[in-house]
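Have a look at the structure below, then the notes.
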Amino acid sequence: MADKKFRRIGVLTSGGDAPGMNAAIRSVVRTAVQNGVEVMGIFGGYRGLVENDMKLLDARDVANIINHGGTMLFTDRCLEFKEESGLQKAIKTCRDNKIDGLVTIGGDGTFRGAQDLTRRGIPCIGLPGTIDNDISATDYTIGYDTAMNTVVELVDKLRDTCESHARCNVVEVMGRNAGYIAINTGLATGAVGIAIEEFPFDIDETIEKMIALKKAKKRNFIIIVSEAFGPDFSENLAKRIQDETGIETKFARLAHVQRGGTPTLRDRELASLMGYKAVELLLDGKSNMVVCIHDEVICGIDIEYALTYDKLCKGKIKPEDITGFSDEQIAKMVADSEIKRQRMLSVYEIAEKISI
Ligand code: F6P
């Protein structure tokens, strides 16, 4: 795959960290090295480009990190990079350090940065690294599986003590505006209620259900709530449940513990395969793409397509307002987004049906 044009590439992690980012860095470095290409590890996301903070990494520099959470390159949400002056500094840093292309690991903000750099002549490939799984073009993001397993482990512990004391625990999970962590951990922990923004959550119905289940001698109750509802929602919900069901109800916000820890097999595997694909795409002369997994196949998708499709899935744009794509492409986006929504709805409905 080696293209003579590429002598040195850069790799960075940006935005919120996610378990598996280190496995992705390792894969990028080793794939490049195998192809005779040097790799600059850029520290602190785009800040490292703006401030010229980086070092060359060889295969041994990324040894023993596949099993570590966090990111050895550190991360940041760099506001200066969003300004034209910051972007220009980043481009100059790339030129000064002879960086011919970049692999940027992070969420949608990271991909917008990659797009800006590509447009100005620095080819970039994005890797989806976020626990939120909120990048619609990919079925899974790096870090999502580990975060969910952390939630499951913690909720299982809460459930033990709820059972002993005949209590309810309302648990708020991360995911930003996306309900993926909530819905799947809700299913996996047998939650009696799952509140996410994507589908209506009927509090009265949940309360009625809990009263009936209490009568049927159920002792532990878990309600999973997405953080998308804002900081007070879960706490108020816990109070209301306690008042209206007579079941003592506690509240737990799992917060950043969900972002750390040893990456699961799935995240290490995904990160390793995606890192390999990113370098392969770059050296094949591709740029402005995000690496995705779709129906178990690792593929590259144009960033503009991925970001537009993402907006469509999140209801931020209507199909008739999409420009720059053919009618066939827009029709495909609409069809795919409907499949995605239906899959999520089906998990939500099944979780609801079997939590009796
Ligand atoms: O995007 C990952 C994420 O952990 C979200 O789930 C959460 O809303 C946000 O980042 C928290 O950001 P910060 O680390 O800046 O508190």
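Listed here are the residues, each with its yes/no results for (1) outside the structural domain of Ser136 (by TED's automatic domain parsing); (2) under 24 Å from Phe201 (Cβ atoms); (3) open to solvent by 50 Å² or more (accessible area, probe 1.4 Å).
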position	(1), (2), (3)
Ile317	yes, no, no
Thr323	yes, no, yes
Ser326	yes, no, no
Ile330	yes, no, no
Arg341	yes, yes, yes
Leu345	yes, yes, no
Glu349	yes, yes, yes
Glu352	yes, yes, yes
Ser355	yes, yes, no
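Kindly establish whether Ala188 is open to solvent by 30 Å² or more (accessible area, probe 1.4 Å), within 19 Å of Met148 (Cβ to Cβ) and among the small types (Gly, Ala, Ser). Yes. In the range 204-299, counting only strands (runs of 3 or more DSSP E) that sit wholly within it, the ones holding 3 or more residues that are open to solvent by 40 Å² or more (accessible area, probe 1.4 Å) and outside the structural domain of Gly16 (by TED's automatic domain parsing) span 248-253.
Scan the range 128-147 for residues that are among the aliphatic types (A, V, I, L, M) and away from the ligand (no atom under 15 Å from the Cβ) and jot them down. Explain how you work it out, then say what you get.
First, the residues of the range 128-147 that are among the aliphatic types (A, V, I, L, M): 131, 135, 137, 142, 147.
Of everything in the range 128-147, just one residue is among the aliphatic types (A, V, I, L, M) and away from the ligand (no atom under 15 Å from the Cβ), namely Ala137.
Evaluating Thr104 against the criteria (1) in contact with a strand residue (DSSP E or B) (Cβ under 7 Å, 6 or more places away or on another chain); (2) closer than 18 Å to Val37 by Cβ; (3) away from the ligand (no atom under 16 Å from the Cβ) leaves one unmet condition, (3). One residue alone among Ile317, Ile356, Ile339 is without any contact (Cβ under 8 Å) to a residue 24 or more places away in the chain, outside any helix (DSSP H, G or I), more than 26 Å from Val39 (Cβ to Cβ) and among the hydrophobic types (A, V, I, L, M, F, W, C), and that residue is Ile317.
Among the residues of the range 27-37, those that are touching a residue at least 12 places away in the same chain (Cβ under 8 Å) and more than 17 Å from Met54 (Cβ to Cβ) comprise Ser27, Arg30, Thr31, Asn35, Gly36.
In this structure, does Ala195 turn out to be on the phi < 0 side of the Ramachandran plot and open to solvent by less than 10 Å² (accessible area, probe 1.4 Å)? Criteria met by Ala195. Out of the residues in the range 19-32 that are more than 14 Å from Ala59 (Cβ to Cβ) and in contact with an Asp or Glu (Cβ under 8 Å, 6 or more places away or on another chain), state the one that is farthest from the ligand (Cβ to nearest atom). Filtering the range 19-32 for residues that are more than 14 Å from Ala59 (Cβ to Cβ) and in contact with an Asp or Glu (Cβ under 8 Å, 6 or more places away or on another chain), the one farthest from the ligand (Cβ to nearest atom) comes out as Ala23. Please indicate, with yes or no, whether at least one residue in the range 40-52 is more than 16 Å from the ligand (Cβ to nearest atom), aliphatic (A, V, I, L, M) and over 29 Å from Tyr144 (Cβ atoms). No, there is no match, as no residue in the range 40-52 is more than 16 Å from the ligand (Cβ to nearest atom), aliphatic (A, V, I, L, M) and over 29 Å from Tyr144 (Cβ atoms).
Which ranges mark the strands (runs of 3 or more DSSP E) fully within the range 101-179 that have 3 or more residues being over 20 Å from the mean Cα position of the chain (by Cα)?
167-173
Might you let me know whether the range 25-38 holds any residue that is among the hydroxyl-bearing types (Ser, Thr, Tyr), crowded, with 18+ Cβ neighbours inside 10 Å and assigned to a helix (DSSP H, G or I)? Within the range 25-38, one or more residues are among the hydroxyl-bearing types (Ser, Thr, Tyr), crowded, with 18+ Cβ neighbours inside 10 Å and assigned to a helix (DSSP H, G or I). Residue pairs whose Cβ atoms lie under 6 Å apart, sitting 6 or more positions apart in sequence or on different chains, and linking a residue in the range 88-107 that is of a type outside the set (Val, Ile, Thr) to a partner that is within 16 Å of the ligand (Cβ to nearest atom) and not in a helix (DSSP H, G or I), are Gly106/Ser14; Gly106/Gly15; Gly106/Gly129; Gly107/Gly15; Gly107/Thr130.
The values are calculated or read from the model by the stated rules, or taken from the named source; none is laboratory data. Note that this is a predicted model, so its numbers are computed, not measured. Here Cβ is always computed from backbone atoms with ideal geometry, including for glycine, and neighbour counts include all displayed protein chains. Only protein heavy atoms, including side chains, enter the accessible area calculation; ligands, DNA and RNA are left aside. Shrake-Rupley method; radii C 1.70, N 1.55, O 1.52, S 1.80 Å.
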